[in-house]
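Presented below is the structure to which this report refers.
The values are calculated or read from the model by the stated rules, or taken from the named source; none is laboratory data. Because the structure is predicted, anything quoted here is derived from the model rather than measured. All Cβ positions, even for glycine, are placed from backbone atoms using ideal geometry, and neighbour counts span all protein chains on display.
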């Protein structure tokens, strides 16, 4: 069991499939880790120009390694790109989606929810004219996964899928805001979201990992 005494800071903790995840907003006064072979992933969000040096030094002293930096992009002016409906965008079965994502999308923070919880209303898929699956956008509630097959990248498929997701979310769920966390070196995703009307925010997040606890 993980025991946390943050001395007034804020934390979010979750056990995922294959690792533990913790969002750390300030250096804790006490943090007891569970005994497990699973890695622990810690996110440290902050504003540009306010790097949490004390927290970083504490993480290093605890044996954590800096893995990656993420930048937040927020929807400012929605650009629908095209009002013409795409006949290639439709739903797909859980088996198709999970097989596709396991093949083309892999990152330490993205564990898929159990297959029996799959809801086709939370995803859109793009197919080629021959029926082959080319891309998927999957809304997991706390985050979205956008994946496009290697052969289909650069064709605007990711933008079409995310636009379909946003339009349904705005109509059916009255979603008030959209934002995504993107790696600074992911130029393709940044270009796609900028075309959709997203702009970079001042909030960033460092990802730290410890392979075994």
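Is it true that residue 36 is exposed (fewer than 11 other Cβ atoms within 10 Å of the Cβ) and either at pLDDT below 70 or within 22 Å of residue 147 (Cα to Cα) (or both)? Taking the combined requirement at face value, the residue does not satisfy it.
If you go through segment 189-206 and keep only what is surrounded by 13 or more Cβ atoms within 10 Å (Cβ to Cβ) and either modelled with pLDDT under 90 or outside any strand (DSSP E or B) (or both), you end up with 189, 190, 192, 193, 194, 195, 196, 197. Taken together, the residues in segment 162-179 that are at pLDDT 85 or above and farther than 15 Å from residue 197 by Cα amount to 0. Here residue 106 clears all of (1) under 30 Å from residue 40 (Cα atoms); (2) modelled with pLDDT under 85; (3) crowded, with 16+ Cβ neighbours inside 10 Å except the condition numbered (3).
Of the residues examined, residue 89 is one that is modelled with pLDDT of 85 or more and in contact with a helix residue (DSSP H, G or I) (Cβ under 8 Å, 6 or more places away or on another chain).
Looking at 72, 47 in this structure, which one is within 30 Å of residue 197 (Cα to Cα), surrounded by fewer than 13 Cβ atoms within 10 Å (Cβ to Cβ) and modelled with pLDDT of 90 or more? So that I can check it myself, show each step before the final result.
Values: 72 fails: surrounded by fewer than 13 Cβ atoms within 10 Å (Cβ to Cβ).
From the options 72, 47, the qualifying one is 47.
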